[in-house]
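Data block below; observations after.
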Amino acid sequence: MKSAVQVWRRQKTNYQNLGKTGVVISKTRIIEAPNGFVGPYWVVMVKLDKNNRVVGQWADEAEPKIGMKTVGVLRRIGEADPTGVIEYGVKWKQL
């Protein structure tokens, strides 16, 4: 269970890729989602500038394609926990 304080403390690292652009270099579809997530959903690896790579959820309904240009956007991550805390973070969508 996450507290609002724990979520708030992670925000410095959660938003470092917000608004950054990159290219999809790998993708996978999660069918059986873990607790707190609604599946199925896509996870992509995005190559940013200077050869940095990040992994994150795909925000669009359409299937991601290798080589597709993307941008990091703010979206809800998973479902609200029993205390009502809703966590937001960066997901990736087509540019």
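What follows is calculated from the coordinates using simple rules that are stated; it is not laboratory data. The model shown is predicted, which means the values in this text are computed figures rather than measured ones. Ideal geometry is used to build each Cβ from the backbone, glycine not excepted, and the neighbour counts take in all protein chains shown.
Based on DSSP, what percent of beta bridges with both residues in the chain are antiparallel, to the nearest 5?
Of the beta bridges lying entirely in the chain, close to 95 percent run antiparallel.
Taking the Cα centre of the chain as origin, sum charge times position over the Cβ atoms of Lys and Arg (+1) and Asp and Glu (-1), and report the length of that vector in debye to the nearest 20.
The dipole magnitude comes to about 480 debye.
Quick one: Karplus J couplings for the stretch 20-27, per residue in order, coefficients 6.51, -1.76, 1.60, θ = phi - 60°, nearest Hz, x for Gly and Pro?
Going residue by residue, I get 6, 10, x, 10, 5, 10, 7, 8 Hz, with x marking Gly and Pro.
Please list, in order along the stretch 68-73, the HN-Hα scalar couplings obtained from phi with the Karplus expression 6.51 cos²θ - 1.76 cosθ + 1.60 (θ = phi - 60°), rounded to whole Hz, x for Gly and Pro.
6, 6, 9, 9, x, 10
Select from VAL5, VAL46, GLY89 the residue farthest towards the positive end of the dipole of the stretch 4-94; place +1 on Cβ of Lys and Arg, -1 on Cβ of Asp and Glu, and compute about the Cα centre.
Highest projection toward the positive end goes to VAL46.
For the chain, what's the relative contact order in percent, using C-alpha pairs closer than 8 Å and at least 6 residues apart? Don't jump to the answer; show the numbers that get you there.
Details: 192 pairs, mean separation 29.7, N = 95.
That works out to 31 percent.
Within 14 Å, Cβ to Cβ, of GLY67, how many net charges do the neighbouring residues add up to if Lys/Arg are +1 and Asp/Glu are -1?
+3
For LYS27, LYS91, LYS65, what's the fewest-to-most ordering of other Cβ within 10 Å of each Cβ? Please list the in-between numbers first.
Numbers: LYS27 16, LYS91 22, LYS65 10.
With the sparsest Cβ surroundings first, the list reads LYS65, LYS27, LYS91.
Please list, in order along the stretch 50-64, the HN-Hα scalar couplings obtained from phi with the Karplus expression 6.51 cos²θ - 1.76 cosθ + 1.60 (θ = phi - 60°), rounded to whole Hz, x for Gly and Pro.
Taking θ as phi minus 60°, the curve returns 6, 6, 6, 10, 9, 10, x, 6, 8, 8, 7, 6, 6, 5, x Hz for the stretch 50-64.
For ILE31, ILE77, ILE25, what ranking results if the residue with the fewest other Cβ atoms within 10 Å of its Cβ goes first?
ILE31, ILE25, ILE77
Which label belongs to the value computed from this structure, given these candidates for P(r) over Cα pairs in 5 Å bins from 0, in percent: [x] 2, 11, 10, 13, 10, 7, 7, 5, 6, 5, 5, 4, 4, 4, 3, 2, 1, 0; [y] 3, 14, 23, 22, 19, 13, 6, 1, 0; [z] 3, 14, 18, 18, 14, 11, 8, 5, 4, 2, 2, 1, 0?
[y]
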